[in-house]
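Inspection log for the structure reproduced underneath, given as structure tokens.
The values are calculated or read from the model by the stated rules, or taken from the named source; none is laboratory data. Since this is a predicted model, take the numbers as computed values, not measurements. Positions of Cβ are generated from backbone atoms using ideal geometry, with glycine treated the same way; all protein chains shown enter the neighbour counts.
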Amino acid sequence: MPAKRWPALAAVALIAAPVRAEVPVIPLPQTAEADAGVPGGIALGSGTPIMVQADDTDAAGVADWLGDIAHQRLGLHFPRKVQQVQGLAIRFVHKPVDSTDAKPLGGEGYRLDIDARGATITAPARAGLFYGAVTLAQLLAATPGQPLAAVHITDAPHYAWRGLMLDSARHMQSVPAIERLIDLMALHKFNRLQWHLTDDQGWRLQIPAFPRLTSVGAWRVGPDGKRYGGFYTQAQVRHVVAYAAARGITIVPEIEMPGHALAALRAYPEWGFAGVPASAQADWGVFPSIFGVEPVTLKALQTVLDEVMALFPGREIATGGDEALHDQWRASPAVQARIKALGLRDETALQGWFAGQMARYLAAHGRQAIGWDDLLAAGGIPEGAVVLSWHSPQGATTALKAGHDVVLATDPVFYFDHRQAPGRDEPPGRGTVITPADIYAVDPGSVDAATSGHLLGVQGQIWTEYVRSDAQMLAMAWPRAAALAELGWTTPARRDWTGFSARLPAEAQLLARWQVQPTPGAFGVTTAAVAGEVPSQAMQTCSNRIALNLPTAGEHPALVDIMDRCWVTPPVALDAPTITVRIATLPFNYQLAADAKTITLRPPVGNGDELVVRQDTCDGPELARVPLDAVPHDAVPTAVSVPLGAATGTHKLCLFAASRSPAPLWAIETVTLP
Ligand code: ACM
């Protein structure tokens, strides 16, 4: 090669060297290369046409979605044109992507080129076209009204299963709220929504073969005596399924069995054993009610599954399997005889057998069972079934080694019913704080090191015992679900918390456009404390066993450990003060099974319940003991004056409710110093 050619080649090499672009997109695309060729950027605004091939119905559907959200959420009008457009346009090109990557992109992969021609989305399948449009929508939403920087993105997911689970059994959500959740899931490239439709507290799915499942099982009476409940009609379910499908999301319905079955058993007691007292039906927690194993019950549940399969076209059907209490099976001579007849070891093995009956039934209809990892202990994960691993990452590894496909759904880090931040403004939920950073720090690949390939992906669980409203449900899910989305989509080498947090402001704006309002705390912003006031959320619970951030009739939730209503403040300055404790009574409505015996009660000295304050620790010098008789039993936080005698200096205070019974549940909202 002549020497004089070198400088020219070097210049070519310089121009061609890819420059990584910072794109405000969650989950982060696998590659994004800046294009310096269009310095002023590309102005995609109202009037820019969207172009699809005339016979491409997949692209047309995606173009409709993009056009609709651009109009509704970004105020942009993109006319949809099918014919060839020469100038600036948004083009959908439905064909295999030319990729220099050794790994082909797959059906969810896409290429997005933003350059002088506009935006071109190229993908081999509808899913990829959709995800290309999603990335474009996020770019447009991040800098509204401004030209987009030229960029070339090549992208495909790391994991096949990127899921959320929504509990509509404990508290039900409106269909528009579920649509909004689906909108946001789609915008973060999730592809599975496990819909938890049945539990002890409610049966939410209309099943015409068994009308009492909803006429009876969908309703309960809360501790306040009010009737609560509802269900989704088959027409509503079909609508939600289609709405999700149009956005690349498969709904995985979940019918709980054999445990978490009280609502169904209230409707059809003949499927189980003697009932629970009506007064307990307002309880949270796990009821002992379990389905029986007689052929008539199995047949009824399979009839339910027939109707479920007719409504939900996706391959996976979840049949629960978690937290089944076996006491009723143990006590039943008929069940014991069946265990013997089947040659099984015990009730645990019987549950494995039960799960196998359902999994085989689903498989015979071309479907795949999916169940919680409790079935591992039963030694009974049916072959081909997918395991939802919630107990521990180690359990996930065990299931993977046993050859199962696993979805990592770890409690507590992927359980979105936990508080998202420590402030008092968080909506009610479980007490442990799980921040977006906690989720982002999980390395799903670590459970899969020895068995790579069987980890299907990750899933976040929106349980709703303490999540009462649509707005709270959405605020609990986001922005944590965005962190999870990146674990599911982006390769580990591309992920870093600093980069993710730099994209969170754009995420906050995106959520605001979809009317989701997480607390500032969810984005790491702490709100100013009120001088002299110590909210329960700023205290330690004494044993932190089942700490819950529970709603009171006041403005803020109260953090209380239902196993021990006892709190320790941070060090506070005391000078013979009288402190004010705002305290409320809440219903004690929890099914705790064997744990009920381990509730810590600290007996009062008088007849009624008392508030006790001790110095430094809960065994320290007693500073005060005041009766609580005057506090009404109506969940309204009531101010109680507590003189602390001659206390001086800086000390922690231990405060506890002394009582002889778990009910009522005493909950301190705040401690205020003078
Ligand atoms: C579960 O949390 N019981 C799956």
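Output the number of residues of segment 402-453 satisfying the condition of being aliphatic (A, V, I, L, M), farther than 19 Å from GLY521 by Cβ and in contact with a His (Cβ under 7 Å, 6 or more places away or on another chain).
1
Could you check how many residues of segment 432-462 are within 16 Å of the ligand (Cβ to nearest atom) and either farther than 25 Å from VAL252 by Cα or out of contact with any helix residue (DSSP H, G or I) (no Cβ under 9 Å at 6 or more places or on another chain) (or both)?
Taking segment 432-462 as the starting set, the residues that turn out to be within 16 Å of the ligand (Cβ to nearest atom) are 432, 434, 458-462.
Restricting the remaining residues to those that are either farther than 25 Å from VAL252 by Cα or out of contact with any helix residue (DSSP H, G or I) (no Cβ under 9 Å at 6 or more places or on another chain) (or both) gives 432, 434, 461.
Residues flagged as within 16 Å of the ligand (Cβ to nearest atom) and either farther than 25 Å from VAL252 by Cα or out of contact with any helix residue (DSSP H, G or I) (no Cβ under 9 Å at 6 or more places or on another chain) (or both) within segment 432-462 amount to 3.
Of the conditions (1) among the acidic types (Asp, Glu); (2) touching a Gly at 6+ places or on another chain (Cβ under 7 Å); (3) surrounded by fewer than 23 Cβ atoms within 10 Å (Cβ to Cβ), GLU426 clears all except one; give me its number.
Condition not satisfied by GLU426: (3).
Taking LEU644, is it in contact with a Cys (Cβ under 8 Å, 6 or more places away or on another chain) and buried (at least 17 other Cβ atoms within 10 Å of the Cβ)? Even if it seems obvious, please write down each step before you answer.
Numbers: in contact with a Cys (Cβ under 8 Å, 6 or more places away or on another chain): no; buried (at least 17 other Cβ atoms within 10 Å of the Cβ): yes.
No; evaluated as a whole, the condition is false for this residue.
Have a look at ILE290, ILE339 and point out the one that is within 16 Å of the ligand (Cβ to nearest atom), at pLDDT 95 or above and either outside any strand (DSSP E or B) or in contact with a His (Cβ under 7 Å, 6 or more places away or on another chain) (or both).
Answer to the check: ILE290.
Applying the selection to segment 485-541, what residues are in contact (Cβ under 8 Å) with a residue 40 or more places away in the chain and of a type in the set (Asp, Glu)?
Hits for segment 485-541 are GLU486, GLU507, GLU533.
Scan segment 446-497 residue by residue and report those that are modelled with pLDDT under 95, over 21 Å from the mean Cα position of the chain (by Cα) and outside any helix (DSSP H, G or I).
Result: ALA449, ALA450, THR451, SER452, GLY453, HIS454.
Could you pull out the residue among ALA402, ALA378, ALA409, ALA385 that is aliphatic (A, V, I, L, M) and within 14 Å of the ligand (Cβ to nearest atom)?
After applying the criteria, what remains is ALA409.
Could you check segment 183-225 and list, in sequence order, the residues that are part of a strand (DSSP E or B) and either without any contact (Cβ under 8 Å) to a residue 40 or more places away in the chain or surrounded by 23 or more Cβ atoms within 10 Å (Cβ to Cβ) (or both)?
Once the filter is applied, which keeps residues that are part of a strand (DSSP E or B) and either without any contact (Cβ under 8 Å) to a residue 40 or more places away in the chain or surrounded by 23 or more Cβ atoms within 10 Å (Cβ to Cβ) (or both), segment 183-225 yields ARG192, LEU193, GLN194, TRP195, HIS196, THR198, ASP199, GLY202, TRP203, LEU205, TRP219.
Being within 16 Å of the ligand (Cβ to nearest atom) and within 30 Å of the chain's Cα centre (by Cα) narrows it down to one of GLN351, GLN368, GLN357, so name that one.
GLN351
Would you mind finding the one in ALA149, ALA133, ALA123 that is modelled with pLDDT of 95 or more, of a type in the set (A, V, I, L, M) and surrounded by fewer than 24 Cβ atoms within 10 Å (Cβ to Cβ)? Break it down into steps so the answer makes sense when it comes.
Details: ALA133 fails: surrounded by fewer than 24 Cβ atoms within 10 Å (Cβ to Cβ); ALA123 fails: surrounded by fewer than 24 Cβ atoms within 10 Å (Cβ to Cβ).
Just one listed residue meets the conditions, ALA149.
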